[in-house]
Amino acid sequence: MADQSTRPTSTAQAAKLFAACGGGLLVLLLLRNSDLFTRAIFEAGDPASNSMLTLEAKHFALTTGHYSRVGFHHPGPAFFYIQAAGEWLLHDVTHLVPAPYNGQVIAIMALNAALLALALVILYRWMGSSPAVLTAAGVMLIFVALHKQLVCSTWIPYACFAPFLLLLFAVASVAAGRLRHLWVMVFAGGLLVHGHAEFLVLVPLLALVALIPQRRRLVAHRRDVLVAAGVLALFLLPIVLNEILRWPGEIPKYFSYGHRAPNPAVDAARFLVQFWGPTTLLGSLVLLVLFCANFALIRALPDSAGSASRDFSGRLLRVTGIATVLVGLYSWYGVDQLYASYIGTFFFALPVALLMLGSSMVVLTARHQPWLSRLPVAAAGLSLAVAVVLAVTTPGLRRDRDELSGVPVALDYLAAHARGKPIVLETRTDESWADALALLVAATRNGQRACLAQDRWRLRAIPRFMCTPQELAGGARFTLSRVDPVSPGTPVVPNLNPIPASYPPSAVIAAG
């Protein structure tokens, strides 16, 4: 199919749509999380571990992604360079936020808003109807508002939702002939590969779905190919550097993990359909209905809607179907703990894509029926109104407050008892690693030397935060414990605020 649509759409209109949808979502996120500008957040656990990586990224020294509990680091650091940019701009330079992590959160929110807006722009480029796309935008926002943390968390399982949704739209667009979106496909895929090792397989397979139908046209579109190649090179650079500098790097570990027994097929199917509905039966029904309804809507599109809209809609339906099969296979062979539903959070993009496609086709069909001429504007207005109401009244757009508010008091306590010596932290209980990382990051930002004594936590930290033999011998030792009550008579900071709140008080105890 030709690269130009039979119904040319305005670049200026697409830019306005991107600004309105992306800017509108970001404004809603900032309004729902306005405390980011007034309350210092002291991250703990995985966010603190990721902040260690972000500190490396601020010095352009980071070449890997976050840790995996199965013993390796994920492929790339893209998300942490984005968080580093947010920390640098919003905290270090402009002082718009009171703590570094606040800037990181806003950076991820801005990224998600931009990615979702790009998906809507792609949809607009093919549908050519603002009411149709705005209806889809409202449907998307309704879904996001009803599912917590999808666009407001820095945790990578959630951060992969928006790039995966964009990837589905970009793959469909390229497959339908719009090679100008090749760079978007590479950008979304690059973020996903950097975010989680599973995408080293999923992204190339989905890319082939787009590239194989267009393989003969790539040479004629050298500019689009070169731009996409440049984007790809940026994502490949840190991965290649890590392999060169730390040979054999992380890649062999991915292959080792891949040789594992598959999950029971029925359990894997249940894992997949939980992202389509609250129960296995309802999820299966929703999955079937959405695919069948979209197929019927594509067949019902009037000729006046244009062949481009029908072609793209069919491609997006097929791409989503293939992606559903691929993530089903991943659930079968790749997920190590099927009870850990967070692993598949990005699966939510699959029903969202079909809901957006279906709603836009309904409006597009109505637009070409004289007796339904008022429906498109009414549908767009209604979906956006419902979406905004839900966005400001439900917790979906509010980030969880899982930080440790007692960190400043604990830092004063550590400094007073350390008397200039390096602060050596040990954990008495397994859960205390989350508290230890919070204190390590906060102390480092304050210019204090703090390190972790136990090598068992090396994967969650980075080498600079592990104690040297000299520090172990001469440092001031402190123990972190979530055992209640703490032994009487010991100096204690009992108010770190445990994560999660069901744990006993998280205490800091001086060794002597």
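Does residue 252 satisfy the criteria of being surrounded by fewer than 16 Cβ atoms within 10 Å (Cβ to Cβ), modelled with pLDDT under 95, touching a Lys or Arg at 6+ places or on another chain (Cβ under 9 Å) and assigned by the TED database to the domain that holds residue 83? So residue 252 fails the test.
Of all residues in the stretch 146-168, exactly one satisfies the criterion of being surrounded by fewer than 24 Cβ atoms within 10 Å (Cβ to Cβ), more than 9 Å from the chain's Cα centre (by Cα) and aliphatic (A, V, I, L, M), namely 146.
Looking at the stretch 80-102 only, could you name the residues that are in a helix (DSSP H, G or I) and touching a residue at least 24 places away in the same chain (Cβ under 8 Å)? Answer for the stretch 80-102, where residues must be in a helix (DSSP H, G or I) and touching a residue at least 24 places away in the same chain (Cβ under 8 Å): 80, 81, 82, 83, 84, 86, 87, 88, 100, 101, 102. Taking residues in the stretch 420-434 that are on the phi > 0 side of the Ramachandran plot and modelled with pLDDT under 95, and partners anywhere that are of a type in the set (Ser, Thr, Tyr) and crowded, with 19+ Cβ neighbours inside 10 Å, not one pair has Cβ atoms closer than 9 Å while being at least 6 places apart or on different chains.
For residues that are in a helix (DSSP H, G or I) and not hydrophobic (A, V, I, L, M, F, W, C), scanning just the stretch 372-394, find the one that is nearest to residue 120 (Cα to Cα).
In the first step, residues of the stretch 372-394 are kept if they are in a helix (DSSP H, G or I); the result is 372, 375-393.
From what's left, not hydrophobic (A, V, I, L, M, F, W, C): 376, 381, 383, 393.
Values: 376: 16, 381: 16, 383: 15, 393: 24 Å.
Step by step, filter the stretch 372-394, then rank; the result is 383.
Has the stretch 258-274 got any residue that is part of a loop (DSSP other than H, G, I, E, B) and in contact with a Gly (Cβ under 8 Å, 6 or more places away or on another chain)? Yes, because at least one residue in the stretch 258-274 is part of a loop (DSSP other than H, G, I, E, B) and in contact with a Gly (Cβ under 8 Å, 6 or more places away or on another chain).
Which of (1) under 19 Å from residue 72 (Cα atoms); (2) part of a loop (DSSP other than H, G, I, E, B) does residue 241 not meet, given it meets every other one? Condition not satisfied by residue 241: (2). Considering (1) at pLDDT below 95; (2) part of a loop (DSSP other than H, G, I, E, B), the lone condition that residue 63 does not fulfil carries the number (1).
Look at residue 411 and say whether it is in the same structural domain as residue 133 (by the TED database), touching a residue at least 12 places away in the same chain (Cβ under 8 Å) and among the hydrophobic types (A, V, I, L, M, F, W, C). No, not satisfied.
Under the condition of being modelled with pLDDT of 95 or more and part of a helix (DSSP H, G or I), the residues counted in the stretch 36-45 number 2. Within the stretch 68-79, residues that are within 20 Å of residue 340 (Cβ to Cβ) have Cβ atoms under 7 Å from residues that are outside any loop (DSSP other than H, G, I, E, B) and modelled with pLDDT under 90 in these pairs: 70/257; 71/253; 72/253; 72/254, counting only partners at least 6 apart in sequence or on another chain.
The values are calculated or read from the model by the stated rules, or taken from the named source; none is laboratory data. As the structure is a computational prediction, the values presented were derived from the model and not from experiment. So basically every Cβ, Gly included, is an ideal-geometry build from the backbone, and we count neighbours across all protein chains shown.
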